[in-house]
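Take a look at the structure set out below.
The values are calculated or read from the model by the stated rules, or taken from the named source; none is laboratory data. Note that the structure is predicted; figures quoted are calculated from it, not measured. Positions of Cβ are backbone-derived with ideal geometry, glycine not excepted, and every protein chain shown enters the neighbour counts. To get the accessible areas, we keep the full protein, side chains included, count just its heavy atoms, and leave off ligands, DNA and RNA. Shrake-Rupley method; radii C 1.70, N 1.55, O 1.52, S 1.80 Å.
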Amino acid sequence: EPEVTQTPSHQVTQMGQEVILRCVPISNHLYFYWYRQILGQKVEFLVSFYNNEISEKSEIFDDQFSVERPDGSNFTLKIRSTKLEDSAMYFCASSVIDSSNQPQHFGDGTRLSIL
Amino acid sequence: AQTVTQSQPEMSVQEAETVTLSCTYDTSESDYYLFWYKQPPSRQMILVIRQEAYKQQNATENRFSVNFQKAAKSFSLKISDSQLGDAAMYFCAYRSAFFVAAGNKLTFGGGTRVLVKP
């Protein structure tokens, strides 16, 4: 069964550095999402992306964050200048259509540790 | 804004027994979708079961079933005949059926860890 894949599985970065988290959604999916989970807290929505543009973003997704689909297969999340509080598990998800009962398929996540 | 609450941080069940995970949510919307996702250790979240709010019949998927009480805004998950492979973190999630923007987000509860004892 096709899967959403995320790389790297663990990223350690110095505070203030830029980081790019990568995701390869399922190939025929059109809607893409990023979520994050700070240790011990809820999974929180960051951003959704469709037709090469952001369709919705949360208040967490400030100017330090950006998303891109650079080559038609990868879907990336960039954090421009990382802060300690960006340490979290980041999950990418995709869905084939945006019918609300269609599930979003999740990747294994990238654990981001900011030092 | 919608909120989802899972009041049980951890539940323990004996293999072959039944366990019920609770989930409550708060919304002013009348039409929405509810999901249970399972996240085994170090693995991706996998959809277990979904429920459309307009359907009165409770969803069932093999050993997994839900008790959807719309008036009470409650959506519990029952795992019957528990197996060792059911051990995981379980997340309840809400998704609006109202089209706000392309890519309606999921709102998650805090999760319930299920331990299965052999």
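Looking at the range A:1-75, which GluC sites (Glu not before Pro) are in a loop (DSSP not H, G, I, E or B) and have at most 10 other Cβ atoms within 10 Å?
Working: sites: A:E3, A:E18, A:E44, A:E53, A:E56, A:E59, A:E68; in loops: A:E3, A:E18, A:E59.
When the GluC sites (Glu not before Pro) of the range A:1-75 are filtered for loop state and at most 10 Cβ neighbours within 10 Å, A:E59 remain.
Find the relative contact order for chain B and round it to a whole percent, using C-alpha pairs within less than 8 Å whose residues are 6+ positions apart. List each step's numbers first, then the result.
Working: 288 pairs, mean separation 43.7, N = 118.
Computed value for chain B: 37 percent relative contact order.
May I ask you to rank A:H10, A:H29 by accessible area, largest first, using a 1.4 Å probe over the protein chains only? Display every interim value, and only then the final one.
On the way: A:H10 100, A:H29 15 Å².
Sorted descending by solvent-accessible area, the residues read A:H10, A:H29.
Based only on Cα atoms, what Rg/Rh ratio does the range A:12-100 have, Rh being taken as Kirkwood's radius?
Details: Rg = 12.9 Å, Rh = 13.5 Å.
That ratio equals 0.96.
Please sort by residue number the trypsin sites (Lys or Arg not before Pro) in the range A:1-82 whose DSSP state is loop and whose Cβ has at most 16 other Cβ atoms within 10 Å.
Working: sites: A:R22, A:R36, A:K42, A:K57, A:K78, A:R80; in loops: A:K42, A:R80.
Taking the range A:1-82 and a limit of 16 other Cβ atoms within 10 Å, the loop trypsin sites (Lys or Arg not before Pro) found are A:R80.
Please identify every one of the chymotrypsin sites (Phe, Trp or Tyr not before Pro) in the range B:39-90 that sits in a loop by DSSP and has no more than 14 other beta carbons within 10 Å of its own beta carbon. Let's see the in-between values first.
Working: sites: B:Y54, B:F64, B:F68, B:F75, B:Y90; in loops: B:Y54.
Within the range B:39-90, the qualifying chymotrypsin sites (Phe, Trp or Tyr not before Pro) (loop, at most 14 other Cβ atoms within 10 Å) are B:Y54.
If you wrap a convex hull around the Cα atoms of the range B:3-117, how much volume per residue is inside, in Å³? Show your work: numbers first, answer last.
Values: hull volume 11.4 nm³, N = 115.
Residue-normalised Cα hull volume stands at 99 Å³.
Once you place label points 7 Å from the Cα toward the Cβ at B:N62 and A:S27, how far apart are they in nm?
2.6 nm
Residues of the range B:12-53 with accessible area at least 30 Å² lower in the all-protein-chain context than alone (1.4 Å probe)?
Buried on complex formation: B:Y33, B:Y37, B:Q39, B:R43, B:Q44, B:M45, B:R50.
Roughly to the nearest percent, how much of the accessible area of the range B:48-118 is carbon and sulfur, given a 1.4 Å probe?
Working: 1650 of 3300 Å².
Answer for the range B:48-118 is 50 percent, counting heavy atoms of protein chains only.
May I ask you to derive the FRET efficiency for B:E15 and A:I38 from their Cβ-Cβ distance with R0 = 30 Å, giving the value to the nearest 0.05? Please list the in-between numbers first.
Values: r = 33 Å, r/R0 = 1.09.
Efficiency, from the Cβ-Cβ distance: 0.35.
Taking every pair of alpha-carbon atoms in the protein assembly as shown, give the share separated by more than 25 Å as a whole percent.
41 percent
Can you work out the FRET efficiency for the pair B:T27 and A:T5, with r the C-beta to C-beta distance and R0 = 45 Å, to the nearest 0.05? Don't skip to the end; give the middle numbers.
On the way: r = 33 Å, r/R0 = 0.73.
So, using R0 = 45 Å, E works out to roughly 0.85.
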